[in-house]
Amino acid sequence: MQKLNKHFGSLHVLKDIDLEIVPGEVVVVIGASGSGKSTLIRCINGLEEFQQGSLDVADKTLRPHGRGEQALQQIRTEVGMVFQQFNLFPHLSVRDNVTLAPIKVRGTGRQDAIRNATRLLERVGIEDQAHKYPSQLSGGQQQRVALARALAMEPRLMLFDEPTSALDPEMIGEVLDAIRELAREGMTMVVVTHEMGFAREVADRVIYIHQGEITEQGPPEQLFDAPQHERTQNFLARIL
Ligand code: ADP
Ligand code: MG
């Protein structure tokens, strides 16, 4: 994205954001609450409009006034997203949550979609829950279903917005493990998280956002151990 600017009314939420993500890269975004992390992620998959700049994603270019429905459709097909609040379909079984989009959007045959869902649920360690409903699962299990559901579309980019913030502490590990595994397999991803140990371990690059601006970015060792900017130092001192 080039010089992306986003306003909510008079609030200037993203300021001249330049961000290039290379295939296979794991980018972790950190910053205080209200700094614009979610808005940034939501811009990347077309959930939010922006007022200036441009954004290239999934072979499409989004501009302030050039948001064709077709481009948005393609981006949503090729960019997976996992939210803080799992956002599963409550009236569908785990398996149907995972097969719905491939069948409806991609036109995958039902048997193929089910086979793929079974494989994905195995991969995130919950194949035995396939016939349950979301409300019958723990938060950690629900989030792993959400991950499997996103992966079922075979996205080329995955976005995570605080995927463990709504979880009880004992369930954070199982979700981070699944994301870590995906990173190891080479998935391109942007992860907003407050889990700094995880960030240090999986990130190729950490970006610190302060009031809608990228204050500092770099490899985790550099950003965590030798932050250059006072704001970054202050932020890290508060949370570490
Ligand atoms: P973060 O994810 O870093 O906590 P957000 O991107 O959610 O921050 O929010 C950035 C700023 O934009 C905050 O001041 C927030 O109140 C504001 N904001 C977010 N969404 C909206 C919205 N839909 N309408 C108006 N203001 C919003
Ligand atoms: Mg947020």
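The phi-based Karplus calculation (6.51 cos²θ - 1.76 cosθ + 1.60; θ = phi - 60°) puts the 3J(HN,Hα) values of the stretch 227-240 at x, 8, 9, 4, 4, 5, 4, 5, 4, 5, 5, 6, 9, 8 Hz, whole numbers, x for Gly and Pro.
Principal axis extents of the Cα atoms in the stretch 159-240, from largest to smallest and rounded to whole angstrom, are 34, 28, 23.
Take every pair of alpha-carbon atoms less than 8 Å apart whose residues are at least six positions apart; their mean separation over the length of the chain yields a relative contact order of 26 percent.
Helix 69-78 and the longest principal axis of the C-alpha atoms of the chain enclose an angle of approximately 80°. Counting charges near residue 42 (Lys, Arg +1; Asp, Glu -1) among other residues having Cβ under 11 Å from its Cβ returns a value of -1. Across the stretch 32-41, rounded Karplus estimates of 3J(HN,Hα) from the backbone phi angles (6.51 cos²θ - 1.76 cosθ + 1.60, θ = phi - 60°) give 5, 4, x, 7, x, 5, 5, 4, 4, 4 Hz, Gly and Pro being marked x. Once Rg and the Kirkwood radius are both taken over the C-alpha atoms of the chain, their ratio Rg/Rh works out to 0.97. Between residue 63 and residue 77, full extension at 0.36 nm per residue minus the direct alpha carbon distance yields a gain of 3.2 nm. Its Cα gyration tensor gives the stretch 112-221 an equivalent ellipsoid. The semi-axes, each the square root of 5 times an eigenvalue, are 27, 16, 12 Å from largest down. Bridge orientation summary for the chain: considering DSSP beta bridges with both residues in this region, about 45 percent are antiparallel.
Taken about its Cα centre, the stretch 111-212 carries a charge dipole of roughly 280 debye when the Cβ of each Lys and Arg holds +1 and the Cβ of each Asp and Glu holds -1.
Taking the C-alpha atoms only, the angle from helix 139-151 to the longest principal axis of the chain is near 90 degrees. With contacts taken as Cα pairs under 8 Å at a separation of at least 6 residues, the stretch 128-240 carries a relative contact order of 18 percent. Between the amide H of residue 191 and those of 27, 28, 29, 160, distances stay under 5 Å, these residues lying 5 or more places away or on another chain, with hydrogens modeled in the peptide plane. Projecting the Cα positions of 173, 80, 99 onto the charge dipole of the chain (unit charges on Cβ atoms of Lys, Arg, Asp and Glu, taken about the Cα centre) puts 99 furthest along the positive direction. Computed over the chain, the per-residue total of -39500 (n - 2.57) for DSSP H runs of n ≥ 4 gives a 222 nm mean residue ellipticity of -11000 deg cm²/dmol, rounded to 500.
For the stretch 9-80, just say rounded, prolate or oblate: build the C-alpha gyration tensor, square-root its eigenvalues into a ≥ b ≥ c, call rounded for a/c under 1.5, and beyond that prolate if a/b exceeds b/c, oblate if not. Since a/c reaches 1.5 but b/c is at least a/b, the shape of the stretch 9-80 is classed as oblate.
Assuming R0 = 30 Å, can you tell me the calculated FRET efficiency for the pair residue 91 and residue 70, based on Cβ-Cβ distance, to the nearest 0.05?
Working: r = 29 Å, r/R0 = 0.98.
About 0.55, to the nearest 0.05.
Between residue 54 and residue 221, the contour length at 0.36 nm per residue exceeds the alpha carbon distance by 57.1 nm. Within the stretch 105-240, antiparallel bridges make up roughly 55 percent of the DSSP beta bridges whose residues both belong there.
May I ask which of 3/60; 6/104; 15/104 have a Cα-Cα span longer than 26 Å here? Before the final figure, lay out each step's value.
Working: 3/60 17 Å; 6/104 32 Å; 15/104 37 Å.
Flagged as over cut-off: 6/104; 15/104.
Once the Cα atoms are used to define both axes, helix 110-123 deviates from the longest principal axis of the chain by about 60 degrees.
When only Cα pairs under 8 Å and 6 or more residues apart are kept, what is the percent relative contact order across the stretch 16-97? Could you put the intermediate results ahead of the total?
On the way: 48 pairs, mean separation 14.1, N = 82.
Relative CO of the stretch 16-97 lands at 17 percent.
With θ taken as phi - 60° and the Karplus curve 6.51 cos²θ - 1.76 cosθ + 1.60 applied, the whole-hertz 3J(HN,Hα) list for the stretch 14-23 is 10, 10, 6, 7, 10, 8, 10, 10, 8, x Hz, x standing for glycine and proline. For the stretch 1-135, taking Cα atoms only, Rg and Dmax work out to 17.6, 50 Å respectively.
Each reported figure results from applying straightforward, stated rules to the coordinates on display, with no laboratory input. What you see is a predicted model, and the numbers here were worked out from it, not measured in a lab. Ideal geometry is used to build each Cβ from the backbone, glycine not excepted, and the neighbour counts take in all protein chains shown.
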